[in-house]
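The values are calculated or read from the model by the stated rules, or taken from the named source; none is laboratory data. As the structure is a prediction and not an experimental result, all values here were calculated from the model. In this analysis, Cβ positions are derived from the backbone assuming ideal geometry, glycine residues included, and neighbour counts consider all displayed protein chains. Protein only, heavy atoms only, side chains kept; ligands, DNA and RNA dropped before computing areas. Shrake-Rupley method; radii C 1.70, N 1.55, O 1.52, S 1.80 Å.
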Amino acid sequence: MLLLLALLAVTAILAAYSNHFRNSFHFDDATVIQNNAYLRSLKNIPLFFRDATTFSSHPSNAAYRPLTSASFALDYWRSGGLDPFAFHVTQWTLHVLLAALVFFFLRRVLELAGLVPAAGWLALFGATLFGIHRLHTETVNFLTLRSEILSTIGVVGSFVFYQSAPKWRKSLLWLLPAAAGAFAKQSAIAFAPLFAVYLLIFPDEAAVGGAEAERSRWRTCLKTALPPFALAGAFYLLQARLGGPHLIYGSTSPRVYLQTQTFAWLHYLRLFLLPLGLSADADWSPIADWFDTRVFAGVAFTLLWIGAAVFYARRRAAGKAFLFGVVWYFLSLAPSSSLFSLSEMINEHRPYFPDIGLVLCVSAAGGDVLSLGRRSVRNRRLAGAAAVLLLAAHGWGTFQRNEAWRTEESLWKSVTESSPNNGRAWMNYGLIFMARADYGNARTCFERAALLAPNYDVLEINRGILEGATAKPDAAEEHFQRALSLNPTSAMTHFYYGRWLHENRRDREAAAQLARAIAASPADLEARHLLLRVYQDLEEKDSACSLARETLRIAPDDLESAAAASGACPSL
């Protein structure tokens, strides 16, 4: 019966996401996937593990995530190009795989908490809720966030391996999934503190048998928890050494960022309980003052919730699972929502990993309530009906939310409606109109964006492109120059300024700008193609030949570089 319900659960998750497989690329997908020359060949996979700049054609996004890049390269190879369908199939499959691992993880924790008779059913409900939850649509639709899914698979995979194979615990092979997950995203090293708390709450899980384990239970816990911390430390140093040289996280001070995150913790919980008002790019601003009522609300909520969880754990066995779920929530949020400042104050994908703790809380508390009235068949049926209705509501909500992610236009229209004070959203919505040559509406969107984000270098680039398209060369160059003054190292600005110079027959200047763009971003295939055309117009065959050969070493199947090489290189 449980197996049949599990198959129905997978079918329900498939139905909920059935309309997302043809959705387009979004956000950082442009630089991480679409315009990343290194994904064009499987031969570059070893390079991903040595050079973080291969992750994105945008240097400030060059995080060390080689496993994520390798999965994208495989999708590119498998689909024969940039077919979003192939990428989305992999994304959804990994999401369902994680939901399956969550089932096994929840079942064991619930068993340890004394909910043995119903552990399987409760775990299936929790795993299905995780898989179908409306809040997780951003992580599944936004392909670059595959790093989030892969790293979480690593964490949960190590827990399941450890729980399911006690005979293998001394070998430390159970650490391998978490180690692999860290190569997808650094947040997987959160496995170390999570595992330590797991052993503290369920110390019998540290025992590997024998009288020695019984006599020194806490020492055994400490000894068992040390290898994950050693792994976390080693990978942290590796990340620090191999991260991109121009990688940018955020500029807000740690204190202000933490103040803002105290309220974000409450916001993410609200989204888990009631996922309405979702925004793919929220317009939250930093909370500047520590005495802001939102800071007090977030801190009070945190203290009360943790206190209630400790009180519950002391009085009911199921409370131990609930307490572990609460600790999981906060510990897994810490890398993105504490002192480590990031560029955006909140993102809807950040609770993806922490929400495993919340589904554990729901499953544990629900199982405890049912156990109090286990003799009432009516109560169990009502609980089952409520569970089905909740999952059905999330399934329908997920299906509807996927529509917002269908195209760039639908996404940014949605964001301007849900986050009207977001300057980036208005700029991106304006790009939709500019692509249609609807320059009046594009200008309106850009002007509104400028009011909200007056010193945004990417906006200045797009305003320059707009002025160039409307035959205002002086205004266009002024915007490009201002973009460079705001961010002199921006590969994007050098590229678009170079493109504009080429369009205006200033090829010598264009070549210099494009060369700077490629130097800052070697993975930028579009910049390489444009510089090849500029060299051809300048009749600089040696430069064209050198650039074409260099590009073909990175992307051997690049047709434009192959054609340029055949025309410019004497030996070809």
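The set of residues from segment 516-572 being crowded, with 22+ Cβ neighbours inside 10 Å, more than 25 Å from A52 (Cβ to Cβ) and out of contact with any Leu (no Cβ under 8 Å at 6 or more places or on another chain) comprises just one member, A568. Within segment 485-502, the set of residues being without any contact (Cβ under 8 Å) to a residue 24 or more places away in the chain, assigned to a helix (DSSP H, G or I) and surrounded by fewer than 19 Cβ atoms within 10 Å (Cβ to Cβ) comprises S485 only. In segment 414-428, the qualifying residues are those that are touching a residue at least 12 places away in the same chain (Cβ under 8 Å) and surrounded by fewer than 16 Cβ atoms within 10 Å (Cβ to Cβ), and the one that is farthest from D283 (Cα to Cα) is P420. For beta carbons closer than 6 Å, sequence separation of 6+ or different chains, a first residue in segment 237-266 that is under 21 Å from H349 (Cα atoms) and assigned to a helix (DSSP H, G or I) and a second that is among the aromatic types (F, W, Y) and modelled with pLDDT of 90 or more, the qualifying pairs are L266/F301.
Against the conditions (1) in contact with a helix residue (DSSP H, G or I) (Cβ under 8 Å, 6 or more places away or on another chain); (2) in a helix (DSSP H, G or I); (3) of a type in the set (D, E, K, R), where does K43 fall short? Just the number, please. Going through the list (1) in contact with a helix residue (DSSP H, G or I) (Cβ under 8 Å, 6 or more places away or on another chain); (2) in a helix (DSSP H, G or I); (3) of a type in the set (D, E, K, R), K43 breaks only (1).
Yes/no matrix, rows are residues, columns are (1) aromatic (F, W, Y); (2) open to solvent by less than 10 Å² (accessible area, probe 1.4 Å); (3) in a helix (DSSP H, G or I):
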site	(1), (2), (3)
L106	no, yes, yes
V109	no, yes, yes
W121	yes, no, yes
F125	yes, no, yes
F130	yes, yes, yes
S151	no, yes, yes
G154	no, yes, yes
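Here R40 fits the description: open to solvent by 10 Å² or more (accessible area, probe 1.4 Å), in contact (Cβ under 8 Å) with a residue 12 or more places away in the chain and among the charged types (D, E, K, R). Do we find a residue being modelled with pLDDT of 95 or more and either among the acidic types (D, E) or farther than 28 Å from L115 by Cβ (or both) anywhere in segment 380-396? Yes, that holds for at least one residue.
If the requirement is being in a loop (DSSP other than H, G, I, E, B), of a type in the set (S, T, Y) and either in contact with a Pro (Cβ under 7 Å, 6 or more places away or on another chain) or open to solvent by 30 Å² or more (accessible area, probe 1.4 Å) (or both), which of these qualifies: S337, S332, S285? Write out each step before concluding.
Details: S337 fails: either in contact with a Pro (Cβ under 7 Å, 6 or more places away or on another chain) or open to solvent by 30 Å² or more (accessible area, probe 1.4 Å) (or both); S332 fails: in a loop (DSSP other than H, G, I, E, B).
None of the others qualify; the one that does is S285.
Against the conditions (1) more than 29 Å from N428 (Cα to Cα); (2) open to solvent by 20 Å² or more (accessible area, probe 1.4 Å); (3) of a type in the set (A, V, I, L, M), L258 satisfies every one except (1).
Given the condition within 26 Å of the chain's Cα centre (by Cα), part of a helix (DSSP H, G or I), touching a residue at least 24 places away in the same chain (Cβ under 8 Å) and closer than 29 Å to Q513 by Cα, answer yes or no: does some residue in segment 463-481 qualify? The answer is no, given that none of the residues of segment 463-481 is within 26 Å of the chain's Cα centre (by Cα), part of a helix (DSSP H, G or I), touching a residue at least 24 places away in the same chain (Cβ under 8 Å) and closer than 29 Å to Q513 by Cα. Can you find, within segment 429-462, the residue that is farthest from the chain's Cα centre (by Cα) among those that are without any contact (Cβ under 8 Å) to a residue 12 or more places away in the chain and part of a helix (DSSP H, G or I)? My answer is G440.
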